[in-house]
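Okay, structure first, notes after.
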Amino acid sequence: MDTSSGTYTAKLIDGPLEGKTVSTGFLDTGDPQPRISFPGDGGKHYVYSRGAGLEFDSPGDDRPSAVEYRFIETVFD
């Protein structure tokens, strides 16, 4: 199986984007992204870090179909 392709759902479980879900791609290694960043209003972006929660919905695939992310910080550009 090619582990570099595919996407999963990032579930934002707290912070300013709490409750939102976003489709994102796996790393080249097949692992979920350790951190993801989202643009906000007024030249800022929100940084989220991978949490412990994982969901597996795809039979035969050892990669998660959804991963929880926790809010880390707001960065002003």
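Values computed for the structure shown
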{"read-out": "Residue check, Pro64 touching a Leu at 6+ places or on another chain (Cβ under 9 Å), part of a loop (DSSP other than H, G, I, E, B) and in contact (Cβ under 8 Å) with a residue 24 or more places away in the chain", "value": "yes"}
{"read-out": "Condition check for Gly51: assigned to a strand (DSSP E or B) and in contact with a strand residue (DSSP E or B) (Cβ under 6 Å, 6 or more places away or on another chain)", "value": "yes"}
{"read-out": "Residues satisfying the stated conditions in the range 49-71, i.e. surrounded by 14 or more Cβ atoms within 10 Å (Cβ to Cβ) and aliphatic (A, V, I, L, M)", "value": "Leu54, Ala66, Val67"}
{"read-out": "Pick from the range 18-48, criterion part of a strand (DSSP E or B), of a type outside the set (A, V, I, L, M, F, W, C) and touching a Lys or Arg at 6+ places or on another chain (Cβ under 8 Å), ranking: least open to solvent (accessible area, probe 1.4 Å)", "value": "Tyr48"}
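The values are calculated or read from the model by the stated rules, or taken from the named source; none is laboratory data. Quick caveat, the model's predicted, so the values are computed rather than measured. Note that we place each Cβ from the backbone using ideal geometry, even for glycine, and neighbour counts take in every protein chain shown. Note: areas computed on protein heavy atoms with side chains; ligands, DNA, RNA excluded. Shrake-Rupley method; radii C 1.70, N 1.55, O 1.52, S 1.80 Å.
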